[in-house]
Each structure stands twice: as structure tokens, then as C-alpha cells.
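Report on the structure given below.
The values are calculated or read from the model by the stated rules, or taken from the named source; none is laboratory data. All figures in this text were calculated on a predicted structure; none of them were measured in a lab. When we count neighbours, we look across all protein chains shown, and the Cβ atoms used for this are built from the backbone with ideal geometry, even at glycine.
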Amino acid sequence: MNDVNSVKIFPIGGVGNVTKNMYAYEYGNEILLVDCGLGFADETMPGVDLLIPDISYLKNTNKKIVGLVLTHGHEDHIGALPFVLPQLPKFPVYGTALTAALATEKLIDFGLQNKVLVVTPSEDIVLGSFNISYIHVTHSILDAAHIFIRTPVGNFYHGSDFKFDFTPVDGKPSDLAKIAKVASEGVLCLLEDCVGVERSGHSRSERMISDSFAEEFRKTKGRIFMTTYASNISRLNQALQEGIRLGRKICFVGRSLLKSRDIGRKLGYMDIPKGVEVKPSEAKRMKPSELLIILTGAQAQDTSALVRIANDEDENIRLSRGDTVIFSADPIPGNEVNINNLIDIIAKKGVKVVYSGLTDEFHLPALLWVPFRAPFPAMAQKMM
Ligand SMILES: [Zn+2]
């Protein structure tokens with residue numbers, strides 16, 4: 001018999017490690033899923049590329065999955081969708097505009113037809129016995145949300161990654177009024193997820209990074225290379241604005257960045273005036289002082305543009321003395337060795353490298369998208 005006096009909550013991706021965010025809320029015969037993220041292997045896991053949540057419970061249960069709600073578009077919240085969805089019965093998947101666009105793009109990449117439905121924070125969704133409200137919050141990716149889940153047993157506040165930034169780059173601060181409003185309905189249980197929570201004080205606004213870009217860009221006579229997470233559209237906008245202000249042409253290099261640019265433009269989150277953007281083949285013929293190159297490789301991924309360029313393997317773009325490379329992202333734990341090796345290769349070319357070991361002017365440490373840590377073992381399965 002199904003217990004209708006309680007809600008079970010369990011972390012399908014584990015909570016002991018960073019990443020692999022995926023949670024299930026089970027009431028009676030129904031299961032609501034929140035997020036479906038990837039984990040990343042490190043040097044202790046040779047031969048493993050990615051980690052995905054262990055969904056054996058979901059595959060074997062005879063309970064009904066009524067839907068999946070996504071909190072935001074970071075890989076550790078949406079990255080496992082193409083591996084998980086084909087293994088489960090069909091159910092609706094929801095996310096805010098950018099989250100849905102990034103997730104849908106990912107599914108298309110894997111040849112899947114599933115569409116992620118767009119939800120706006122002003123509407124509630126009903127999935128079986130769950131009534132869900134989205135609450136806009138600021139994070140290092142646009143369109144992030146907390147989820148308020150109403151059940152017959154009580155209300156749950158699912159607070160995924162966030163940072164209260166009162167002056168965010170896109171001008172949309174967290175919806176504190178809505179947080180207060182849903183709280184007034186009563187909260188049976190709050191799950192909260194915020195790196196750096198042990199430290200007191202307040203983290204700086206993302207807006208400060210614009211000043212750091214302005215300062216470094218002004219000092220650079222050669223080409224400026226800036227690398228960050230491709231999905232961090234507001235960071236891309238900050239670099240773009242400074243580059244454009246200084247009259248530099250913008251060149252995007254790297255597949256995931258080009259996708260982010262396209263999604264950002266389509267949703268109206270990125271504005272690149274006509275005539276500003278150049279292709280790598282055109283950048284090749286331009287003076288170094290005329291260029292801002294925004295590229296993939298902040299985590300020193302093997303196939304990224306920055307790694308290719310640093311190894312002189314790119315047909316159009318070479319690094320040379322006088323250039324500056326800015327890493328505007330924290331290293332993801334496990335990637336430090338590769339990133340340091342990449343920095344060495346670049347520095348040996350006489351190129352100035354600005355990275356988190358030298359300064360935190362280009363990233364905000366508390367923003368690293370690390371979910372909460374709790375003393376439970378994470379479950380992982382090797383990707384086929
Ligand atoms: Zn995140």
C-alpha cells in the first residue's frame with residue numbers, strides 16, 4: 001500500500017561529491033524528479049569520461065514519474081539528460097527559457113526528440129499531486145531558479161545553486177518577495193545548496209568583473225583571449241561590452257561557445273552589434289590590438305579551442321608575445337593539473353596569463369557551481 005502520509009526525498013546522484021545533481025520526491029505512487037546532472041571524472045578514475053546518476057531505482061520501480069523540473073542550465077544539473085531520458089518512460093521536462101534551450105540543444109546533439117518545456121516563474125505547474133512554483137534566483141548562469149513544491153503532506157523548498165547578487169549583470173536580482181510569499185504558505189522541509197556557506201560575509205557582485213575586464217583589456221596591446229564556461233552568458237556579455245567599447249572585433253572560437261552565442265541571441269540575452277563579430281579566418285589577418293577572442297578551454301578540456309591554439313594546432317589563430325589570456329572561471333575540482341599544464345604552455349610563449357591562482361578579479365570563488373556536500377556516498381556508474 002502506498003504511504004500517503006509522507007514524502008520521501010532521495011538524491012539519485014548522491015550528495016557526497018560535487019555534481020551529478022538529481023533528486024526524487026516520492027509521494028504515494030508518484031515520483032517528481034528535480035535536475036538530471038553529470039559528474040566529471042578525475043585522475044583517480046582512469047578510463048572514465050563522465051559520471052551519470054544511478055537510475056536503477058527509477059527503472060525498476062512501478063511508481064509513476066510525473067515529471068522532471070530543471071533548476072538551471074549548468075552541466076551538473078542538465079548534463080545527464082541524454083543518458084537518462086531514453087532509459088525511462090516518457091514524462092514532461094520543464095525549465096526556464098535558457099535552461100530549456102540549453103537542455104533541448106543537448107538532447108538534439110544526441111539525436112533525441114524530447115523537448116524541454118519552457119516555464120516562466122509567474123506560472124505554476126501541476127504534475128500529479130505536486131504543485132510547483134519556480135522562483136527566479138541569481139547564480140553564475142542566467143535564468144536559474146529555486147523550486148517550491150507543494151504536496152498533500154506539506155511544502156518543500158528545493159533551493160539549488162544560487163548567489164544573492166543584488167546588482168546582477170542582467171538587472172534581474174533574485175525574487176526575494178516570492179521567496180517570502182511561498183514561505184508564508186509554510187515550509188515542511190528546506191533543501192539548500194550553496195557553496196561557501198561556511199564562510200560569513202557577502203560575496204561580491206558579478207558586476208565587479210566588468211571593472212576587472214576594463215582594467216586588463218586597457219593594459220593589453222596584443223590580442224585578448226578570454227575563456228569561461230560557455231553557458232555563462234552574462235560573463236560573455238561583460239567581456240563583449242568591454243571589447244566593443246575599446247573598438248576590438250570579437251571572434252568566438254569553440255563549438256559550445258558558438259551555441260551559447262546563438263541561444264543568447266535568440267532569447268535576447270546577448271546583443272552583438274552588426275559588424276563587430278569576425279570569423280577566425282578573418283581574425284588571422286587582423287592586427288593583434290584589434291581583437292578580442294572569446295574561446296572554450298577554461299577547464300583545459302582536450303578538444304577545446306584554447307588547448308588547440310596553445311599547442312599551435314589551430315589553422316587560423318596563434319598565440320604570441322604581447323597577447324593576454326584571461327581564465328575567467330574557477331577550476332572545477334579535478335581539473336587543476338590540466339589547467340596548470342595549459343597555463344605553463346601558454347606562459348612559455350611569452351603570453352601573459354591571468355588566472356585564479358594569481359587573482360580572483362576575474363571569477364568569484366563563491367560562485368563555483370558546486371552543490372552541497374553531505375556525508376553520503378555518491379553513486380556513480382561508468383558511462384558506456
Ligand atoms: Zn550551478
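So which residues in region 57-81 are β-branched (V, I, T) and within 16 Å of the ligand (Cβ to nearest atom), if there are any at all?
Filtering region 57-81 down to residues β-branched (V, I, T) leaves 61, 65-66, 69, 71, 78.
Listed by number, the residues that qualify are V69, T71, I78.
Given the structure, is G201 on the phi > 0 side of the Ramachandran plot and free of Cβ contacts under 8 Å to residues at least 60 places away in the same chain? Don't jump to the end; show me each part of the working.
On the way: on the phi > 0 side of the Ramachandran plot: yes; free of Cβ contacts under 8 Å to residues at least 60 places away in the same chain: yes.
Yes: the conditions hold for G201.
If you check F225 against the conditions, is it buried (at least 23 other Cβ atoms within 10 Å of the Cβ), modelled with pLDDT of 95 or more, touching a Lys or Arg at 6+ places or on another chain (Cβ under 6 Å) and under 29 Å from T99 (Cβ atoms)? Don't jump to the end; show me each part of the working.
Values: buried (at least 23 other Cβ atoms within 10 Å of the Cβ): yes; modelled with pLDDT of 95 or more: yes; touching a Lys or Arg at 6+ places or on another chain (Cβ under 6 Å): no; under 29 Å from T99 (Cβ atoms): yes.
Against the criterion (buried (at least 23 other Cβ atoms within 10 Å of the Cβ), modelled with pLDDT of 95 or more, touching a Lys or Arg at 6+ places or on another chain (Cβ under 6 Å) and under 29 Å from T99 (Cβ atoms)), F225 does not qualify.
Give the residues of region 246-270 that are over 19 Å from K106 (Cβ atoms) and free of Cβ contacts under 8 Å to residues at least 24 places away in the same chain, sorted by residue number.
G268
Pick out the one residue from P86, P53 that is in contact with a Leu (Cβ under 7 Å, 6 or more places away or on another chain), over 18 Å from A145 (Cβ atoms) and not acidic (D, E). Even if it seems obvious, please write down each step before you answer.
Details: P53 fails: in contact with a Leu (Cβ under 7 Å, 6 or more places away or on another chain).
Of the residues listed, the single one that is in contact with a Leu (Cβ under 7 Å, 6 or more places away or on another chain), over 18 Å from A145 (Cβ atoms) and not acidic (D, E) is P86.
Filter region 188-197 down to residues that are surrounded by 14 or more Cβ atoms within 10 Å (Cβ to Cβ) and of a type in the set (A, V, I, L, M) and give me whichever is nearest to the chain's Cα centre (by Cα).
Of the residues in region 188-197, the ones surrounded by 14 or more Cβ atoms within 10 Å (Cβ to Cβ) are 189, 191, 193-196.
With of a type in the set (A, V, I, L, M) added as a condition, the list becomes 191, 195.
Details: L191: 20, V195: 14 Å.
Among those that are surrounded by 14 or more Cβ atoms within 10 Å (Cβ to Cβ) and of a type in the set (A, V, I, L, M), it is V195.
Looking at (1) within 16 Å of the ligand (Cβ to nearest atom); (2) in a loop (DSSP other than H, G, I, E, B); (3) at pLDDT 95 or above, which is the one condition that is false for D161?
So the condition that D161 fails would be (3).
Kindly indicate which of A177, A145 is among the small types (G, A, S) and within 14 Å of the ligand (Cβ to nearest atom). Explain how you work it out, then say what you get.
On the way: A177 fails: within 14 Å of the ligand (Cβ to nearest atom).
Residue meeting the stated conditions: A145.
Among the candidates L240, L257, single out the residue that is out of contact with any helix residue (DSSP H, G or I) (no Cβ under 9 Å at 6 or more places or on another chain), buried (at least 21 other Cβ atoms within 10 Å of the Cβ) and assigned to a helix (DSSP H, G or I). Break it down stepwise before answering.
On the way: L257 fails: out of contact with any helix residue (DSSP H, G or I) (no Cβ under 9 Å at 6 or more places or on another chain).
Checking each option against the conditions leaves just L240.
Being surrounded by fewer than 22 Cβ atoms within 10 Å (Cβ to Cβ) and part of a loop (DSSP other than H, G, I, E, B) narrows it down to one residue among E313, E282; which is it?
E313
Under 9 Å by Cβ, and 6 or more places apart or on different chains, what pairs join a residue from region 315-333 that is at positive phi with one that is of a type in the set (A, V, I, L, M, F, W, C)?
G322/V351
Of the residues that make up region 328-342, is at least one touching a Lys or Arg at 6+ places or on another chain (Cβ under 7 Å) and either charged (D, E, K, R) or at pLDDT 90 or above (or both)? Spell out the reasoning first.
Kept after step one, since they are touching a Lys or Arg at 6+ places or on another chain (Cβ under 7 Å), are these residues of region 328-342: 328.
Going one step further and asking which of them are either charged (D, E, K, R) or at pLDDT 90 or above (or both), we end up with 328.
Checked against the condition, which is being touching a Lys or Arg at 6+ places or on another chain (Cβ under 7 Å) and either charged (D, E, K, R) or at pLDDT 90 or above (or both), region 328-342 yields at least one hit.
Under 7 Å between Cβ atoms, at least 6 apart or on separate chains: pull out the pairs that start in region 101-129 with a residue that is assigned to a loop (DSSP other than H, G, I, E, B) and end on any residue that is hydroxyl-bearing (S, T, Y).
Correct list of pairs: K115/T104; V119/Y94; V119/T96; V119/Y134; P121/Y134; S129/Y27; S129/T151.
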